[in-house]
Amino acid sequence: MTDYYLAIDLGASGGRHILGYVKDNKLVLEEVHRFSHKPESYQGSLIWEADKIYGEICLGIEKCGAFIKEGRLCSIGIDTWGVDYALLDEDGNLISPVYSYRDSRTEAFINPEISHEDLYKVTGIAFQPFNTIFQLLSDKAAGRLDKAKYMLQLPEYFSQSLAGKVCAKEYNEYTMASTTGLLNASKKTWPQDIIEKLGLPMELFKPIREPPYEIGELSSEMQKRAGFNTKILMVASHDTASAVATVKESSLYISSGTWSLLGITGSPVLNEEARNAGYTNEGAHNGSIRFLKNIMGLWVIQSLSRELNNEFSFAELEKMAVEFEKNAPADWHIDLNLSRFFSPKSMINEIKEEYKRCGKKVPETPAELAFSVYISLANCYKVAVQDLEKITGKTFPSISIIGGGSKDGYLNSLTARLTGKTVYAGPSEATSTGNILLQMKYNNDPAVKDGFSDLVGRSFNVKEFKE
Ligand code: LRH
C-alpha cells in the first residue's frame, strides 16, 4: 500500500499537479496534469483568471484516481507565486478581480505614509511595486476594501474553495504572509501600528501559522467529482519557500524560473546595506528566513521568445547564444533588474534601448539578443553573490540551482564561470518536491523523519558545473 501526496504547484505561466510517493527509498514524482495560463487584460488592468485556474485545479484532482493504484492519497497541498490575493465579502463572494502583480495599479501608491527605510526595518521586505502592501493601498483608494471581509492569499483561496469553506479563514500561512511586505520579520506577527497607520483594516490579517497544517478535507461536491476524499494541507505555500525546502540549510541557492531568487536561509538581516542591495527577508518552510534577492529571471528570455513569435525553442535560443559568444564584445551586459524590464510593451526594444543608453553595441539578431540576456542574467547573479557575501561576511563555495531553470545548461555554466563557484543543478521540480516534503512531514512519513536532505539527495540527479 503506497502513500501518495499531491502537490498543486501554480506558477505565473502555468500550473501542474504532481503526485509524489516513495519507492525503493527514493521520492518518485509523477505528473498528473499540466496547464498554461497568463495574466489577462481586463478593463485596462492585468488580472488572473481565478475561475479558470480553479477549474484546472479540480480537473487535475479528478485525474489522480487513475494514477493511484494500491494506495491512498494522504493529502493535497497548494503553492503559488507570492503577493497576490483574493478579496471576499462576508458571504465568501469575490468582490474584486484577482489582480496580477504585473498590473500597474499600484504605481500611485508606492510611497505610503511610512518610508521604505522604516518599513524595511520591521518587515525586511525589499521594495517591489507589486508587494501586497501597495496592492492593498490601491484597493483601499478605489473603494475595493469597503466590503472586504477576507483577504485570502491565493493558496488559501484555492485550498479553502476545495474544502467548500472560503469563509473559514483562521490563519495566515507564514511563508506566504511574509511576501505581503507587512509582516514583522523578527516577531512573525502583523504590526498593528503600521497596518493602522496605513489605514488598512486589521481584520483582514489573521494569526500567523507555520506550515504544515491541515485546513480541512475535500468538500462533498469535490469528493463526488474525484471519487475519493483526502486532507487539504497548508504547505510552505509561497512557491519559492517550497522550492527552497529542497536545499541543504547552509547552501547558497538560486530558485530559477520566471524569477531567479538568489539567497540563503537563516535569520533576518534588516540593515540598510541589505536594503540597498535589494535583499529581502521572506519566511522559510522551517520557520526561519529566506534572505534573498529577486532577479528578473527567465521572464526576460520567455518574453523575448514570445516576441520572436515562438519561432525558436528555448534550446535553439540557447544554442544560438552559445555560437554567438565567440564573437561577443567584452563586458557586454546590462542590468536586467531595472524596472524597465518588469512589464514592458516590448522586451526587445527595452533591451536595445538599455544597451544604447550604456553606450554599448546594440544586439540586433535573435542570437545576439539571446546571448545578451544570458550573459546579463549571469552577471546579475555575480553581483548578487558578491553583495550577499559582503553583507553576511560569509563565503560560499558553491551554488545550488533549483527549479525549471536548472535545466538550462548554458546559464548554469555561465553562472559557474562568472561567479567562480561550483554550480549544482537540480532538482528541476523543486517547488513540487518541497510542497510534497512538507506534506510528508505532516503525515509523519518515515522517509523524512531525519529531515529532507537525505531523501532529496538520493532521489534526484544533480549535475555539476565548474568554472
Ligand atoms: C516566484 C515568486 C517570487 C515572487 C514573485 C511574485 O514565482 O513567487 O518569489 O517575488 O513570484
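If only residues of the range 128-141 that are buried (at least 18 other Cβ atoms within 10 Å of the Cβ) and among the hydrophobic types (A, V, I, L, M, F, W, C) are counted, the one that is farthest from the chain's Cα centre (by Cα) is L137. The single condition among (1) crowded, with 18+ Cβ neighbours inside 10 Å; (2) touching a residue at least 24 places away in the same chain (Cβ under 8 Å); (3) closer than 24 Å to Y279 by Cα that L304 does not satisfy is (3).
Filter the range 244-255 for residues that are assigned to a strand (DSSP E or B) and among the polar types (S, T, N, Q) and give the result. Answer for the range 244-255, where residues must be assigned to a strand (DSSP E or B) and among the polar types (S, T, N, Q): just S255.
Being of a type in the set (S, T, Y) and either more than 22 Å from T123 (Cβ to Cβ) or surrounded by fewer than 22 Cβ atoms within 10 Å (Cβ to Cβ) (or both) is the filter here; which residues of the range 230-252 pass it? Hits for the range 230-252 are T230, T246, S250, S251.
When the range 226-256 is filtered for residues that are within 15 Å of the ligand (Cβ to nearest atom) and out of contact with any strand residue (DSSP E or B) (no Cβ under 9 Å at 6 or more places or on another chain), only A245 remains. State which residue is nearest to the chain's Cα centre (by Cα) when the search covers only the range 437-458 and only residues that are part of a helix (DSSP H, G or I) and farther than 19 Å from D79 by Cβ. Among those that are part of a helix (DSSP H, G or I) and farther than 19 Å from D79 by Cβ, it is S453. Looking at G287, G263, just one residue is more than 16 Å from the ligand (Cβ to nearest atom), under 20 Å from T433 (Cα atoms), under 18 Å from the mean Cα position of the chain (by Cα) and not assigned by TED's automatic domain parsing to the domain that holds I18, and that residue is G287.
Of the residues examined, S159 is one that is more than 15 Å from the ligand (Cβ to nearest atom), buried (at least 21 other Cβ atoms within 10 Å of the Cβ) and more than 29 Å from F341 (Cα to Cα). Among the acidic types (D, E) and surrounded by fewer than 21 Cβ atoms within 10 Å (Cβ to Cβ): does that describe D450? Taking the combined requirement at face value, the residue satisfies it.
The values are calculated or read from the model by the stated rules, or taken from the named source; none is laboratory data. All values derive from a computational prediction rather than experimental measurement. FYI the Cβ positions are ideal-geometry reconstructions off the backbone, even for glycines, and counts take in every protein chain you see.
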